[in-house]
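**Q** I have a structure I would like to understand better, so I am pasting it below and will then ask my questions one at a time.
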Amino acid sequence: MTDAEPQEPEAHNVADVNQGGMSFQESNIVGVVHQSNHYYVQEDAPPEQQLDQAIQILHTHGRAKSIEILDKVLASDDSARAHFYLALALLSGRTFRDLDEDDEQRLGAVGRGMDAHYDVRWIPALRLVCELIDRHREGRTGGDRIVNKVRQLAPDQQRLIDDHLAHVIDGDTRDHLWDARRKKAQNRRDENDREGRVWAYFCPRPAGARVRDPLPDATTPDELFRARAWLTVAAAAVGYLGWVAATTADFLATLSLLCAAGSTFVGARCGMDWHYRNRRIAHKDRQYEFDPHKRRSDTGFAGDVTHFFERYFRRYVPAGSDEQTWMRRSAGIRAHLRDELVEIYRERDTSCGMIRWLIRDLALDAQHRAESGQLHAYRDRYRTPTAVRRWCILGIGATFAGSATTAPQLFSASPLPTATATLVAVIAGTATVKRWAHIVAERRREIDDRAEYDEELAQRREWQRRWANKLENTSPDETEMQRWLDHDITLLVDDILKTYRLAWRDVFREATLLSPAPRSRRARAKSGPWRYTRYNIHTFLLTKDGVREITTELHFTPIRPGGQSRHNFRFDAVSSIYVERSADERHELHLSLLNGAPRKIPVAETVVDNLQEGEDPDRIATMNLEASGFLHTLRLLEGVAAEGKKWIQREPVRS
């Protein structure tokens with residue numbers, strides 16, 4: 001995985017279903033939740049800071065949350081700026097048809113209290129907003145006068161009016177602002193390295209670094225007792241032979257016996273070391289030996305892990321090797337690492353995407369070790385030193401030489417006791433070496449396993465830290481994500497207008513409904529709405545000739561257009577519109593025409609899974625509906641279905 005590589009959906013987390021001819025994604029997609037403070041406001045924060053936070057949330061279509069914060073701000077800071085943003089929030093993406101009685105009263109209060117403010121920067125913008133509201137309510141256009149007033153505002157204020165009052169502005173003002181919005185979208189759609197950063201927003205946060213725990217020392221108390229008992233017997237037999245030599249043999253024979261005893265210790269110790277190292281290498285070789293007959297799951301989480309090991313090992317081939325040779329050579333290593341990750345990460349809340357960083361780095365590490373000749377570095381690490389082998393051979397040889405020198409004198413002086421003691425020493429010594437070799441090997445194995453565990457864990461933690469920092473430094477914030485999406489929708493609508501040869505002023509009303517497209521991935525900031533890598537964008541344009549409905553698949557990352565379908569129908573052709581809400585909180589619009597079967601339009605998911613501490617599921621569900629444009633679209637279509645063209649005739653004049 002390159003630093004900017006988009007991730008594909010995981011097989012066990014995505015399922016496409018088809019209902020009523022429309023395919024959409026089930027809600028079991030594993031979503032990414034960013035620990036962001038974008039939607040968090042401190043209760044004791046000063047009014048100015050809360051106002052800035054409300055503005056930030058409003059820019060990402062968190063209208064209800066923004067209004068809630070603005071109400072608190074106005075309770076202690078009755079400023080023109082706060083009133084301006086409250087008016088924007090109340091009408092953001094809405095018309096007066098969408099307002100309830102309380103909203104209308106609050107908008108009226110904004111206009112009545114306007115003369116009490118003296119903010120040079122924000123009063124002109126506030127007055128203009130109030131005038132637009134009055135003209136829209138009365139069905140009057142503003143003509144050149146309103147256009148000139150808009151042009152006199154600061155560029156950021158013009159942008160705010162266009163972004164949030166698109167359903168209120170009319171006539172020449174509407175065309176003027178639309179032209180500016182379209183040009184801005186064309187110039188800024190890819191700003192701030194969108195292609196190189198947006199992938200990080202949907203990339204799952206990396207799971208913590210783990211390594212398979214080393215097995216503890218398997219030596220039992222019974223084994224330790226028996227080893228000590230045999231050692232005691234062997235020591236007693238050798239001690240007796242030493243006493244016999246000291247009392248009956250000459251000095252040279254006694255010295256030879258002592259040398260044989262010492263050589264036995266040296267030979268046994270070096271032999272144990274030699275034996276352990278050979279066993280350690282053989283054990284590692286068996287670990288990394290591919291067993292084609294071993295059954296491994298190819299579905300779900302385990303299947304995804306297998307897939308990405310294959311993918312990354314094919315991508316990172318060592319220099320001087322071809323892909324086929326490398327895959328055959330690394331088959332055992334891949335299988336061992338794959339089995340380890342499946343074992344230590346197979347949990348309900350862990351998806352394969354959360355450990356792709358680890359699979360990638362393991363593949364890179366294998367490539368680098370192969371290029372440096374260290375693919376099987378353990379063979380060098382545990383190779384028996386030449387000195388150990390020499391001391392083992394010399395010790396054993398010295399043992400036989402010393403025993404041969406001393407034995408004749410001991411047997412001549414005391415044949416039967418010497419023979420008995422020698423036999424006991426050989427039997428007990430053999431049993432002692434065998435049992436202590438196992439005990440020492442287990443202790444060393446535990447120590448070496450722990451050392452390898454610590455080294456590997458430190459390495460993987462460094463990889464995880466580096467990847468987490470990369471995501472944090474690369475991932476765009478909520479404001480950038482919303483701005484890019486708004487630009488995409490603007491250019492999409494512009495293409496639709498060109499297709500139908502319409503000017504923006506020819507559109508009486510428009511509504512945009514967003515829903516996740518099949519095989520999309522999703523992510524959100526804490527307490528924020530879901531965002532998707534692919535959208536189905538349903539655009540409804542109401543013109544004098546009827547309703548234009550265009551459904552377009554938008555690939556948010558990477559940016560590219562998808563399929564598109566178009567439907568045109570008269571106002572009186574809409575027989576009914578209703579919403580179906582399923583048990584799992586999924587909303588679906590049902591649009592029925594007089595000359596056709598009902599069509600189902602899935603809406604962005606309102607079910608909130610993977611809740612974080614302090615999150616309100618109802619608030620997040622509301623934000624999901626607001627971000628999708630569901631409420632405005634529903635009211636618009638309900639009006640058309642109920643009144644037909646009369647509903648449009650009661651709208652303000654657009655020319």
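The values are calculated or read from the model by the stated rules, or taken from the named source; none is laboratory data. All of these numbers come straight from a predicted model, not from anything done at the bench. Note: ideal-geometry Cβ built from the backbone for every residue, glycine included; neighbour counts use all protein chains shown. SASA here: full protein model, heavy atoms, side chains in, ligands and nucleic acids out. Shrake-Rupley method; radii C 1.70, N 1.55, O 1.52, S 1.80 Å.
**Q** Once you measure Cβ to Cβ distances between cysteines in the chain, which Cys have no partner under 4.7 Å?
**A** CYS130, CYS203, CYS259, CYS352
**Q** Against the longest principal axis of the chain, how steep is helix 63-76, in degrees 0 to 90 to the nearest 10, with axes from Cα atoms?
**A** On a 0 to 90 degree scale, this one is about 80.
**Q** How much length is gained if the chain between SER592 and MET327 is pulled fully straight, taking 0.36 nm per residue apart and subtracting their Cα-Cα distance, in nm to one decimal?
**A** 89.8 nm
**Q** Can you give me the distance in nm between label points at ASN148 and ASP103, each placed 7 Å from the Cα along the Cα-to-Cβ direction?
**A** Distance between the two pseudo-spin positions: 3.3 nm.
**Q** Follow-up. Relative to the longest principal Cα axis of the chain, at what angle does helix 617-628 sit, 0 to 90 degrees, rounded to 10?
**A** The two axes meet at around 60 degrees.
**Q** TRP391 accessible area, nearest 10 Å², 1.4 Å probe?
**A** Answer for TRP391: close to 150 Å² accessible.
**Q** Using a basic spin-label model with each label point 7 Å from the Cα along Cα→Cβ, how many nm lie between ALA236 and ARG599?
**A** 9.8 nm
**Q** From the helices alone, meaning DSSP H stretches of at least four residues, give me the mean residue ellipticity at 222 nm for the chain, per-run term -39500 (n - 2.57), in deg cm²/dmol to the nearest 500.
**A** That calculation yields -19500 deg cm²/dmol at 222 nm.
**Q** So, one more: Would you rank TYR535, TYR240 by solvent-accessible area, highest first, keeping every protein chain in place and using a 1.4 Å probe?
**A** TYR240, TYR535
**Q** Under 5 Å between amide hydrogens, which residues at least 5 positions from SER576 or on another chain qualify, with H placed 1.01 Å from N in the peptide plane?
**A** Under 5 Å from the amide H of SER576 lie the amide H atoms of SER592, each far enough along the sequence or on another chain.
**Q** Which percent, to the nearest 5, of DSSP beta bridges fully inside the chain are antiparallel?
**A** If I count the DSSP bridges inside the chain, around 95 percent turn out antiparallel.
**Q** Report the gain in length on full extension from ARG519 to GLU446: 0.36 nm times residue separation, minus Cα-Cα distance, nm rounded to one decimal.
**A** Going from the current span to full extension adds 21.7 nm.
**Q** To the nearest 0.05, how large is the calculated FRET efficiency for LEU224 and GLU456 if R₀ is 30 Å and r is the Cβ-Cβ distance?
**A** Result of the calculation: an efficiency of 0.50.
**Q** Nearest 10 degrees, 0 to 90: what angle lies between the long axis of helix 415-474 and the longest principal axis of the chain (Cα atoms)?
**A** Approximately 20 degrees, to the nearest ten.
**Q** I'd like the carbon and sulfur percentage of the solvent accessible area for the chain, probe radius 1.4 Å, heavy atoms only, ligands and nucleic acids excluded.
**A** So the carbon and sulfur contribution to the accessible surface is 52 percent.
**Q** Output the relative contact order of the chain, whole-number percent, from Cα pairs under 8 angstrom with separation of 6+ residues.
**A** 21 percent
**Q** Run the quick spin-label model on ASP572 and THR248: label points 7 Å from Cα toward the beta carbon, then report their separation in nm to one decimal.
**A** Going by the 7 Å Cα→Cβ label model, 13.2 nm.
**Q** Ignoring ligands and nucleic acids, what accessible area does LEU252 show with a 1.4 Å probe (Å², nearest 10)?
**A** Accessible surface of LEU252 is approximately 110 Å².
**Q** A follow-up question, please. Find the accessible area per residue for the chain; the probe is 1.4 Å, ligands and nucleic acids are left out, and the unit is Å².
**A** That works out to 48 Å² for each residue.
**Q** Moving to a separate point now. If each Cα of the stretch 550-593 is one equal point scatterer, what is log10 of I(q)/I(0) from the Debye formula at q = 0.20, 0.34 Å⁻¹?
**A** -0.86, -1.08
**Q** Tell me the volume per residue, in Å³, of the convex hull enclosing the alpha carbons of the chain.
**A** Per residue, the Cα convex hull of the chain comes to 219 Å³.
**Q** Go through the stretch 546-555 residue by residue and turn each phi into a ³J(HN,Hα) via Karplus (6.51, -1.76, 1.60, θ = phi - 60°); whole Hz please, and just put x for glycine and proline.
**A** Values per residue, Gly and Pro as x: x, 9, 9, 10, 10, 10, 10, 8, 10, 8 Hz.
**Q** Can you run phi through the Karplus equation (6.51, -1.76, 1.60; θ = phi - 60°) for the stretch 370-385 and list ³J(HN,Hα) in whole Hz, with x for Gly and Pro?
**A** 5, 5, 9, x, 10, 4, 10, 4, 4, 5, 6, 5, 10, 5, 6, x
**Q** OK, next. From the cross-link list LYS65/LYS544; LYS600/LYS646; LYS470/LYS526; LYS498/LYS645; LYS284/LYS434; LYS149/LYS184, which pairs have alpha carbons spaced over 29 Å apart?
**A** Long pairs (Cα-Cα over 29 Å): LYS65/LYS544.
**Q** Along the stretch 230-242, what does the Karplus equation 6.51 cos²θ - 1.76 cosθ + 1.60 (θ = phi - 60°) give for ³J(HN,Hα), rounded to whole Hz, x for Gly and Pro?
**A** 5, 5, 5, 5, 5, 5, 5, 5, 5, x, 5, 4, x
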